[in-house]
1. Which chymotrypsin sites (Phe, Trp or Tyr not before Pro) does segment 292-383 hold that lie in a coil by DSSP with at most 16 other beta carbons within 10 Å?
2. Quick one: order ASP155, ASP292 by neighbouring beta-carbon count within 10 Å, fewest to most.
3. DSSP beta bridges in the chain, what fraction antiparallel, as a percent rounded to 5?
4. Can you sort THR217, THR286 from fewest to most other Cβ atoms within 10 Å of each residue's own Cβ?
5. On a 0 to 90° scale, report how tilted helix 175-186 is relative to the longest principal axis of the chain, with both axes built from alpha carbons and the result rounded to the nearest 10.
6. If you filter segment 283-383 for trypsin sites (Lys or Arg not before Pro), then keep DSSP loop positions with at most 12 other Cβ within 10 Å, what is left?
7. If you take the charge dipole of segment 1-149 about its Cα centre, with +1 on Lys and Arg Cβ and -1 on Asp and Glu Cβ, which of ALA33, HIS105, SER94 is farthest toward its positive end?
8. Under a Cβ-Cβ cut-off of 14 Å, what is the net charge of the residues other than ILE360 that fall near it, where Lys and Arg count +1 and Asp and Glu count -1?
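Read-outs throughout are calculated quantities, based only on the coordinates presented, and are distinct from any laboratory measurement. Just so it is clear, the model here is predicted, and its values are computed rather than measured. Here the Cβ positions follow ideal geometry from the backbone for every residue, glycine too, while neighbour counts run over all protein chains shown.
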Amino acid sequence: MKYDLLLTGGEVIDPSAGLRGVMDIGIAGGKIAAIAPSLPANEARRTISAKGRLVTPGLVDIHAHVFVNAHDMGIHTDQCCRTSGVTTLCDAGSTGSSNFAGLRHMLDHEVRTRVRAFVNLSAIGITGTSRGGELSHFPYADPEGCARIILENPDLAIGVKLRYGPGLVWEYSTEPVKLARKTAEMAGGVPMMMHITDSPIPLPDLIEHMKPGDIVTHCYHGRAHGIMGQEKQFLLKEVVEAQKAGIIFDCAHGRSHFNFRMIERALDQGFLPDTISTDLTMTSATRGPVWDLPTTMSKLLHFGMSLDDVIRRATSAPAKIMGYEGTVGTLKPGANADISVFELRDGNFEMRDSDGDTIIAKRRLLAQLTVKEGRVWYERPAE
Ligand SMILES: [Zn+2]
């Protein structure tokens, strides 16, 4: 038998690999072995029909929280991911130098989802205390420890995380950004991811200290000092220039960072996010408004982004940033056989942003089947 699994007749969409059309995918040894309009079913141990469905690379979520407050999704990570077509995600700085080992232990022993992580500049990571954010107390900043963790965990740690916002940093100046960038240099020139929601100072002052490859996350928040400044009407030219220069703008929905009006205006002005992510935590996954990555993608489809643009930004684009170019987030032969099958369902779907605004979307992506490294990881039960 040539193939362990054959996925037949689905509408394949993998913009980064230039794949679009009805195709069969042959899987062997956990890898994509072949992709073509027709592959022989008698050479496969198992065949699954994907007829009438969309077939994409396994989704990649570059901003989620596996271990915020040192538990959160934790052991539920697999359940959250596999039921929504996500095979790979990135923990966006839930832990810092003092609790990264706990994240590492849990991922090594209890989670099958492929995970990488940003390491918080704060030693305590994101603890969610009402007594102040993780860097409101300056001594919690641990550049040496953060850089050391990144250097010692090259298979897991990919960059430095900074949450810049009221009550989160020790002073409202550019010092926290400069320190995060310096830490990223100490760690070998890795990317820095910066949360920008409700920033006390204008965004251009912050991005001035970032480098191409660094990530601005929560780019569609509707609070102070976003990508359209205080007027919230037109994109700041510094933002447009930064994106052109290679700074990554990530949407990271979350409970307070995704504003429909901002999205509508930004897309109208031609500003698309470079990556689509959820900022998922247990709360936003079980009580909304995020729910999961396909729901966030469906919201952006509603505002006019094309299916190709949405899928690329939730597969190959984040995979590349996470160091998985060519092996994850693509259906090219030789890549890991991470594949998601979706129904693009028609109907009237009420969807909410982070500020209570609602839309009625006419289409929504619904995960039907998730394959991870060649094994069926989830099949949606019949309705
Ligand atoms: Zn986050």
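1. PHE303
2. The order, fewest Cβ neighbours first, is ASP155, ASP292.
3. Of those bridges, close to 50 percent are antiparallel.
4. By the 10 Å Cβ count, ascending, the order reads THR286, THR217.
5. Between helix and principal axis, roughly 50 degrees.
6. Taking segment 283-383 and a limit of 12 other Cβ atoms within 10 Å, the loop trypsin sites (Lys or Arg not before Pro) found are ARG287.
7. Looking along the dipole axis, the top candidate is ALA33.
8. +2
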